[in-house]
Amino acid sequence: MSYQAVLLNDELTPILQQHYQRLSECEKHAIAQLSNESKPVSITQLMAKCQGSQGELFKAIQSLVRRGMIEKFSYENETVFTIQAILKKYVKMVSE
């Protein structure tokens with residue numbers, strides 16, 4: 001299996017920064033949790049890892065999907081969520 005390196009260039013970083021700064025704290029927390037996962041996770045798994053209101057987390061996830069910042073799809077009869085590699089790299093960079 002081959003992997004492609006994900007690079008953040010000088011043009012892309014400010015765009016990601018602008019979108020990231022617009023997120024609520026709950027959205028930032030949810031996206032940070034997703035960036036730590038190596039495979040897609042269900043809303044139940046996310047809720048188990050996030051503190052705070054489950055209702056807020058659910059709204060945050062819906063908002064992130066609408067904005068195209070996380071991906072939602074069906075896997076083994078369950079809805080799961082994942083984050084794109086470029087955004088994962090950015091989130092990890094700003095979390096350090």
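Which order do you get for Ser42, Ser24 if you rank them by accessible area with a 1.4 Å probe, largest at the top? Intermediate results must be reported in sequence, preceding the final value.
Details: Ser42 5, Ser24 55 Å².
From most accessible down to least: Ser24, Ser42.
As a fraction of the 1.4 Å probe accessible area of the chain, surface on carbon and sulfur atoms comes out at 48 percent.
Rounded to the nearest 10 degrees, the inclination of helix 54-66 to the longest alpha-carbon principal axis of the chain is 40 degrees. Model label points for Leu12 and Ser74, set 7 angstrom from Cα along the Cα-to-Cβ axis, are 3.1 nm apart. Among Glu56, Glu11, Glu25, the residue with the largest mean-square fluctuation in a Gaussian network model of the chain, with springs joining Cα atoms closer than 10 Å, is Glu11. Quick check on the chain: take the gyration tensor over C-alpha atoms, sort the square-rooted eigenvalues as a ≥ b ≥ c, and tell me if it's rounded (a/c under 1.5), prolate or oblate. Oblate is the answer for the chain, as a/c is 1.5 or above yet b/c matches or exceeds a/b. Computed from Cα atoms, the angle from the helix 25-35 axis to the main principal axis of the chain rounds to 80 degrees. Computed from Cα positions, the angle between helix 85-95 and the longest principal axis of the chain comes to roughly 90 degrees.
Tell me what the chain gives for mean residue ellipticity at 222 nm when only DSSP H runs of n ≥ 4 count, each as -39,500 (n - 2.57), the sum divided by the residue total, rounded to 500 deg cm²/dmol.
Working: 5 runs with 52 residues, N = 96.
Dividing the helical sum by the residues of the chain leaves -16000 deg cm²/dmol.
Rolling a 1.4 Å probe over the heavy atoms of the protein chains gives the stretch 36-96 an accessible area of 67 Å² per residue.
The values are calculated or read from the model by the stated rules, or taken from the named source; none is laboratory data. From a predicted model like this one, the values you see are computed outputs, not experimental measurements. FYI the Cβ positions are ideal-geometry reconstructions off the backbone, even for glycines, and counts take in every protein chain you see. Calculation scope for accessible area: heavy atoms of the full protein, side chains included, ligands and nucleic acids excluded. Shrake-Rupley method; radii C 1.70, N 1.55, O 1.52, S 1.80 Å.
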